[in-house]
1. Give me the pairs: first residue in the range 31-60 and within 13 Å of T118 (Cβ to Cβ) and in contact (Cβ under 8 Å) with a residue 24 or more places away in the chain, second residue of a type in the set (D, E) and in a strand (DSSP E or B), beta-carbon distance under 6 Å, and six or more apart or on different chains, which are they?
2. Considering only residues that are assigned to a loop (DSSP other than H, G, I, E, B) and either open to solvent by less than 40 Å² (accessible area, probe 1.4 Å) or touching a strand residue (DSSP E or B) at 6+ places or on another chain (Cβ under 7 Å) (or both), which ones fall in the range 73-83?
3. Filter the range 106-139 down to the residues that are more than 19 Å from the chain's Cα centre (by Cα) and either charged (D, E, K, R) or closer than 25 Å to I81 by Cα (or both) and list them by number.
4. Mind checking which pairs have a first residue in the range 1-27 that is over 30 Å from V65 (Cα atoms) and a second that is open to solvent by 30 Å² or more (accessible area, probe 1.4 Å) and small (G, A, S), Cβ under 8 Å, 6 or more apart or different chains?
5. For the range 22-63, which residues satisfy the criterion of being in a helix (DSSP H, G or I) and of a type in the set (D, E, K, R)?
Amino acid sequence: MYIGEVCTRDVVICSPETSIGDAARLMRECHVGDVVIVEERNGKRVPTGVVTDRDIVVEVVALDVPLDSLEIGDIKSQELIVIRESDDVFEARELMQRHGIRRVPVVDKYGALAGIVTLDDLLEILTEEIGSMTKLISREQSRETNARSSLPTDCEAHQSPETVAMEKAV
C-alpha cells in the first residue's frame, strides 16, 4: 500500500515567519498537534520543517521565552524528513523508527507538499490488517469444521496405544 493512499491530504501549514502564538492558535483551531512549515518555490508549497505542540512547550513555554520574540521557523525541525507518495507504508514505519519521529510530510514527485502521514495513520492500517487476518483464521476454522462434520470420526485408529489406554482409564 502506498503512502499516497493513506496520508492525510488536508495539512495545516504556515510560513516560517508565522508567530509562535499564531501557529499555536492554528493548531488549536484545527485540532492538530503539528504544523508543516512551507515555502513557495516555483508556484509549489515545499515543506521546510515541522513544528509540534510539544516543540512549542519544550522550546518556548518551558523556557519562558516571550512568544513575540520568535517565529515558528526559529524552532522548526533542523533536519526535515519527508516521504514520497509512491513509497510503501512499511518504508514510512521504518523511516519513523530510524529517526524517532511520529509525523512525516508527504511530497509528490516534484517535492511539493502532498500530505502528512502519522504513526496513528500507520497503526490504524495495521489494526485493520490484523482484524482481517483474524477473520480469515476464523473463516478457515469454520469452513474446515463444516466440511468435516459429515465425516465419521474415529480418532482412536490414529492414536498411539498409550493415548487410547490413558483415555479409557480416565
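The values are calculated or read from the model by the stated rules, or taken from the named source; none is laboratory data. Keep in mind that this is a model prediction, so the values were computed, not measured. FYI the Cβ positions are ideal-geometry reconstructions off the backbone, even for glycines, and counts take in every protein chain you see. SASA here: full protein model, heavy atoms, side chains in, ligands and nucleic acids out. Shrake-Rupley method; radii C 1.70, N 1.55, O 1.52, S 1.80 Å.
1. Every condition considered, the pairs that remain are V50/D34; T52/D34.
2. First pass over the range 73-83, keeping only residues assigned to a loop (DSSP other than H, G, I, E, B): 75-82.
Within the range 73-83, I75, K76, S77, L80, I81, V82 qualify.
3. Within the range 106-139, the first condition is being more than 19 Å from the chain's Cα centre (by Cα), and the residues that meet it are 109-112, 133-139.
Scanning the range 106-139 gives K109, Y110, G111, A112, K135, R139.
4. Qualifying pairs under 8 Å: Y2/S86; I3/S86; G4/S86.
5. Looking only at the range 22-63, we keep the residues that are in a helix (DSSP H, G or I), and these are 22-30, 53-61.
Result: D22, R25, R28, E29, D53, R54, D55, E59.
Results for (1) over 22 Å from C7 (Cβ atoms); (2) surrounded by 14 or more Cβ atoms within 10 Å (Cβ to Cβ); (3) in contact with a Cys (Cβ under 8 Å, 6 or more places away or on another chain); (4) acidic (D, E), shown as yes or no for each residue.
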site	(1), (2), (3), (4)
A24	yes, yes, no, no
N42	yes, no, no, no
T52	no, yes, no, no
V58	yes, no, no, no
E71	yes, yes, no, yes
E85	no, yes, yes, yes
M96	no, yes, no, no
Y110	no, no, no, no
